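Here the structure is laid out as C-alpha cells; the discussion comes afterwards.
The values are calculated or read from the model by the stated rules, or taken from the named source; none is laboratory data. In this text the structure is predicted, and so the values were computed from the model without any measurement. Ideal geometry is used to build each Cβ from the backbone, glycine not excepted, and the neighbour counts take in all protein chains shown. Side chains are part of the model used for accessible areas, which takes the heavy atoms of the whole protein and leaves out ligands, DNA and RNA. Shrake-Rupley method; radii C 1.70, N 1.55, O 1.52, S 1.80 Å.
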Amino acid sequence: MEPTRDTNATLVDLLDRILDKGLMLNADVIIHVAGIPLLGVNLKACLAGMETMLKYGVWQDWDEAQRAIGAEEHRKKKQVPLEKGEEVILKMFASQWYSKGIYHNWQPGHLYVTDRRVFLFRKEPAEVLFQCPYEEIKGMATERKANIARKETDYLYLLRKSGEVAQLHPTEALPVKEAIEERMKALGLELEENPVLPLLDERARQFLSDKEEIIHSGKMSYQMAESRPGGTTANVWKYGHLYLTNWRLVWWYDFDGKVAFEVPLDKITGVEVKRKDLGGMLKDKLVLDLAYRNGAEDEVATFSDDEDNLKEWQKVIREPLIIST
C-alpha cells in the first residue's frame, strides 16, 4: 500500500473511505511532567463500517447473537400463543383497562375467544395482556358509554370467581359476549345472571365510605392554592378527577393520589359555567364556579375542562335533589 493525497477530497470522501476500506489506528502516547514520564498509553483501534468489519471476521459472534435475537422477536410477533390443539372461535381488536400502581391506561391488542379461554394478545412487544379460562368466569355485563372520543360504544366486563373484574373494550362487545356464552354453555358452565360488579374505579375505592355511591364522575382540572417561598400562595391548575356521590362532591388529585377538595352536598349553594378573567394569559377562560358554605364563610371552587363537560357537570349538580337554583 502506498499513501496517496487528494487535495480535492471532502469530509464525505473521508467517511466513505473509512466505512468502505476501514481505518487502523496504532499509537503510543507517553505523558511527561517536568521531563519525567508518568503515564503511557498504547492505542490500537479499528474503525470501519459493519459490513467491512464482518468481512474480516471482526464482531462475528456479536452479529450472530443479534440476528438470533431479532429472529426470535420476529417469530414471537407473528406467532399467537395458542396451546396445542386450541382452536380460535373469534378474533377481534380490543383493549383492556390496566390500573395497577401509578400506571392507568388502555392497553391495545387482539382479543381471542378460543375453545379453552379468553385472552388479549399484543404483538409488539409480544405479551399476553389478559387471559381467563372459562372455568374462572362468574358473570358478564356490558355497558354503553362514551369513549375518549365522546362516541357511544359498548364495553364488556368479565367478573371472575375471585372477585376481580376485567374491563375490555372490543370493537364490538355483543358478538364477543355471545361467543363466550355459547362456549360456556357447550362446556356445561353456568353464568350468573345480572351479576353485581364491584366498584371499577381504583381512585374512588380509596375514599368512598360505606353506602356512599358515585352519581357522576369524570376528568376535571381544579384551580388549587399552592404555597410559594416567603409565605405567599398562588393559584395553579392541577389535573385530576371530579366525583359526585350521594353525599358530597370530591376532587381527586391524580399526581399526589389523594382527595384535595371536597364539600358536602348540603353546603353547595350554586354552580355556574362562565368565562372568567384569571389574569396573565388566561383572560377569557371558560370555567365552572362552585359556590359553597365553609363554616360562616362563602367560598368558590373553580374547575375547568372543555365546554361540553362543564355544562354537563352544571346540569348534574343542579338537579333538584342536590341544590335549589
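Note on the range 1-51: residues that are under 28 Å from residue 63 (Cβ atoms) and in a loop (DSSP other than H, G, I, E, B) amount to 4. Residue 205 fulfils the conditions (1) surrounded by 11 or more Cβ atoms within 10 Å (Cβ to Cβ); (2) touching a Pro at 6+ places or on another chain (Cβ under 9 Å) except for a single criterion, (1).
Selection of the range 134-152 for residues being open to solvent by less than 50 Å² (accessible area, probe 1.4 Å) and within 19 Å of residue 179 (Cα to Cα) yields 134, 137, 139, 140, 141. Taking the numbered list (1) in contact with a Ser or Thr (Cβ under 6 Å, 6 or more places away or on another chain); (2) open to solvent by 80 Å² or more (accessible area, probe 1.4 Å); (3) not hydrophobic (A, V, I, L, M, F, W, C) in turn, residue 22 passes all entries but (2). Against the numbered list (1) part of a strand (DSSP E or B); (2) more than 30 Å from residue 255 (Cβ to Cβ); (3) open to solvent by 40 Å² or more (accessible area, probe 1.4 Å), residue 121 comes up short only at (3). Considering (1) surrounded by 16 or more Cβ atoms within 10 Å (Cβ to Cβ); (2) within 30 Å of residue 151 (Cβ to Cβ); (3) of a type outside the set (Phe, Trp, Tyr), the lone condition that residue 224 does not fulfil carries the number (2). Scanning the range 233-267 for residues that are of a type in the set (Val, Ile, Thr) and surrounded by 17 or more Cβ atoms within 10 Å (Cβ to Cβ) returns 245, 250, 263.
Within the range 189-212, residues that are closer than 25 Å to residue 161 by Cβ and in a loop (DSSP other than H, G, I, E, B) have Cβ atoms under 7 Å from residues that are open to solvent by 80 Å² or more (accessible area, probe 1.4 Å) and modelled with pLDDT under 80 in these pairs: 199/205, counting only partners at least 6 apart in sequence or on another chain.
Here residue 142 fulfils each of the conditions (1) in contact (Cβ under 8 Å) with a residue 12 or more places away in the chain; (2) within 30 Å of residue 306 (Cα to Cα); (3) under 22 Å from the mean Cα position of the chain (by Cα) apart from (3). Just to be sure before I move on: is residue 175 modelled with pLDDT under 85, open to solvent by less than 90 Å² (accessible area, probe 1.4 Å) and under 30 Å from residue 85 (Cβ atoms) in the structure I sent? It is false that residue 175 is modelled with pLDDT under 85, open to solvent by less than 90 Å² (accessible area, probe 1.4 Å) and under 30 Å from residue 85 (Cβ atoms).
Condition check for residue 49 on (1) of a type outside the set (A, V, I, L, M, F, W, C); (2) out of contact with any Gly (no Cβ under 9 Å at 6 or more places or on another chain); (3) surrounded by 10 or more Cβ atoms within 10 Å (Cβ to Cβ): one failure, at (2).
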